[in-house]
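Rule-based calculations on the coordinates, nothing more; no lab input. Model, not experiment: these values are computed from the prediction. FYI the Cβ positions are ideal-geometry reconstructions off the backbone, even for glycines, and counts take in every protein chain you see.
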Amino acid sequence: MAMLAISIAGFALATIWLHTGRAWRFRLLGTALLALIPALVMLGANSVRASWDASENRRNSFSRADEASLSRIQQQLKITVVLSPEDPRLTDYEHNVLRKLRRILPRPRLITPPLVARVSLKSLRITTGEIWYEMNGQKVMERSTIEAVVLEQIYK
């Protein structure tokens, strides 16, 4: 949407400046207004989260049954991820679960604690390797990032 707004604004800008009979004041005012319109469109486009899985094997989506079950959830799911940045499970979780959840669930809220040095992690008694799921006042901790296990926790 942002690229489309920029493209259309470019053509409109060319139209304003290539017309030789227009006064400089009109050209400058038109340019200023034209800069405002795509900016507003891009701000609005920032909140649009449309995505489709066009792959043949639906590898970027949950199964149809899981998608139907998840789409019936109206409550907000809060996910707190306490994985260190170098933990390979964090990348797996992002690619295999979170991207799919963001497409289906209404506004899943992902919380990652601030990065803290390992020495202070022990002193603060923060345990890494945990992923907390919270919905409707129920809170469950899981260490696995496997899709089937994550879906089981969400369904609970």
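Which shape class applies to segment 2-45: rounded if a/c is under 1.5, otherwise prolate when a/b exceeds b/c and oblate if not, where a ≥ b ≥ c are the square roots of the Cα gyration tensor eigenvalues? Oblate is the answer for segment 2-45, as a/c is 1.5 or above yet b/c matches or exceeds a/b. Taken one residue at a time, the phi angles of segment 92-104 give Karplus couplings (6.51, -1.76, 1.60, θ = phi - 60°) of 4, 5, 4, 6, 8, 10, 4, 4, 6, 5, 4, 6, 9 Hz. Gly and Pro are set to x. Once the Cβ-Cβ distance of A65 and I8 is raised to the sixth power relative to R0 = 41 Å, the FRET efficiency obtained is 0.50. In a reduced charge model with +1 at each Lys and Arg Cβ and -1 at each Asp and Glu Cβ, segment 26-92 shows a dipole moment near 320 debye about its Cα centre.
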